[in-house]
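All of the numbers you see were taken from the coordinates with simple rules; none came from a lab. Here the structure is a predicted model, which is why all the values come from computation and not from measurement. Positions of Cβ are backbone-derived with ideal geometry, glycine not excepted, and every protein chain shown enters the neighbour counts.
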Amino acid sequence: MVGVLLLGNLFVVPTVSWSQAARVSVGIANTLAGDTVDIPIYLSAPETVKVGSVVHTISFPKKLLSLTRAQVGPTEEQSLAEVKTKITDASDNADLSVLEVTVSSKAPLRPGILAYLRFKISIAAREGEIPLKIVDTKAATESGEPVQLTRGRDGVIGIYDTVEAMPAVGCFFFTH
């Protein structure tokens, strides 16, 4: 007979709960073929987590989208953040582009919108959804130490044939 003796917390692997880790997600938007759309990149992090830089990599169909601009989000303008982008072809799928977005600052990045990515939608895009899939995300403190992350949410661009077909979204404060 074989027995196993566990002593206290000797074999406990420390884990970070979802609420203790930072997360970077891609936003969603609806538009028409041929238009441009701004997609936000969001940082969610508890106050105890200090993030100095984020490298967020996403993939998208290169025949349907082209990146025209990336700019720092409104919460990061105050911390003098900067955004850089690099686009390459996906090594495993000739139909995809891979976009690496780096947002960095000398002060901690604040939770909220890190950056806006402006995409031009191809006139060939058909009604449906264009996925913006997260490939990888890395974050570091201002001193370069890695930051524990949980997986963020993928983004999507909804394409509609007419403006009338798009979902109506209203602001609560202006409708009450």
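Mind checking the full-extension length gain between residue 138 and residue 92? Use 0.36 nm per residue of separation minus the Cα-Cα distance, one decimal, nm.
Numbers: separation 46, 0.36 × 46 = 16.56 nm, distance 2.09 nm.
Between residue 138 and residue 92, full extension yields 14.5 nm more.
Just list whichever of 62/86; 50/86; 86/106 have alpha carbons separated by over 23 Å in the model shown.
Correct reply: 50/86.
Students often forget the sequence filter, so: which lysines lie under 16 Å Cα-Cα from residue 63 once same-chain residues fewer than 8 apart are removed?
Those lysines meeting the cut-off are 120, 133.
Please give, to one decimal in nm, the separation of the simple spin-label points placed at residue 145 and residue 106, each 7 Å out from Cα toward the Cβ.
Spacing of the two 7 Å Cα→Cβ label points: 2.2 nm.
Could you sort the peptides 121-132, 51-62, 143-154, 20-31 by per-residue average Cβ neighbour count (10 Å cutoff), highest mean leading?
51-62, 20-31, 121-132, 143-154
Roughly how big is region 20-144's charge dipole about its Cα centre, with Cβ charges of +1 (Lys, Arg) and -1 (Asp, Glu), in debye to the nearest 20?
With only Lys, Arg, Asp and Glu charged at Cβ, the dipole is about 120 debye.
Just want the ordering: 114, 65, from fewest to most Cβ atoms lying within 10 Å of their own Cβ.
Ranking 114, 65 by Cβ neighbours within 10 Å, fewest first, gives 65, 114.
Compare the Cα positions of 137, 112, 65 along the charge dipole of region 13-150 (+1 at Cβ of Lys, Arg; -1 at Cβ of Asp, Glu; about the Cα centre) and return the one farthest towards the positive end.
So the residue we want is 65.
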